[in-house]
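Notes for the one structure printed next.
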Amino acid sequence: MNKKIEKVLNKQIEAEAVSSHLYLAMASWAENSGINGTANFLYAHADEERMHMLKLIKFVNERGGKAVIPSIPAPKQNFESLQDVFSRLLEHELMVTNMINEVVFLCLQEKDYTTHNFMQWYVSEQLEEEALARNILDKLKMIGNDKGGLYLFDRDITTIQATIKPNAGAAN
Ligand code: FEO
């Protein structure tokens with residue numbers, strides 16, 4: 001495998017691990033705050049990120065490269081509110097999208113069309129994840145501090161995921 005490509009894919013492996021860790025911390029915070037629907041949503045999201053990482057690890061190894069399992073720093077443990085959680089989540093996803101775009105750009109530069117093709121799954125996954133995070137954040141902004149609204153949001157958050165992510169899990 002092209003060494004430059006191997007290097008950026010390993011950076012991407014690290015980014016997915018960091019994402020999984022961050023969403024796990026968010027899930028645990030939500031669970032401790034009694035926001036259980038959101039906690040379950042975030043636990044599932046952390047699992048998805050782990051799956052994104054695994055998919056990359058296997059691809060690198062199968063293509064003759066060497067996947068590096070990264071060490072990752074402890075994520076932020078405390079959050080102000082659900083809006084704080086999902087603003088950070090969206091910001092994090094935008095950063096991941098930029099990284100993926102850079103991988104895709106390098107693939108074209110290096111004429112590595114196999115990896116370019118493989119990365120298209122991540123490109124569409126990012127579109128969905130960003131749309132989902134924006135949608136959730138819009139709802140939270142509308143609800144503001146209304147306790148009844150937040151109760152319903154927490155109860156219905158998995159429905160939001162289901163309607164926006166029709167092919168969630170399709171890459172398993
Ligand atoms: Fe795997 Fe949310 O990016």
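At a glance:
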quantity	calculated
Contacts under 9 angstrom Cβ, first residue in segment 91-114 being among the hydroxyl-bearing types (Ser, Thr, Tyr), partner away from the ligand (no atom under 16 Å from the Cβ), 6 or more apart	TYR113/CYS107; THR114/ARG63; THR114/CYS107
Residue match in segment 107-120 (condition: at pLDDT 95 or above, open to solvent by 30 Å² or more (accessible area, probe 1.4 Å) and within 11 Å of the ligand (Cβ to nearest atom))	no
Residues that are open to solvent by less than 20 Å² (accessible area, probe 1.4 Å) and under 17 Å from the mean Cα position of the chain (by Cα), drawn from segment 31-69	THR38, ALA39, PHE41, LEU42, HIS45, ALA46, GLU49, HIS52, LEU56
Only listed residue being part of a helix (DSSP H, G or I), among the β-branched types (Val, Ile, Thr), within 16 Å of the ligand (Cβ to nearest atom) and open to solvent by less than 70 Å² (accessible area, probe 1.4 Å), chosen from ILE5, ILE100, ILE72	ILE100
Residue tally, condition in contact (Cβ under 8 Å) with a residue 12 or more places away in the chain, more than 16 Å from the ligand (Cβ to nearest atom) and either in a helix (DSSP H, G or I) or not aliphatic (A, V, I, L, M) (or both), over segment 32-69	9
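The values are calculated or read from the model by the stated rules, or taken from the named source; none is laboratory data. Predicted model, so just to flag it, every value in this text is computed and none were measured. Counting neighbours? That spans all protein chains shown, and the Cβs are built from the backbone with ideal geometry, glycine included. Just so you know, the surface numbers come from the protein's heavy atoms only, side chains and all, with ligands and any DNA or RNA stripped out. Shrake-Rupley method; radii C 1.70, N 1.55, O 1.52, S 1.80 Å.
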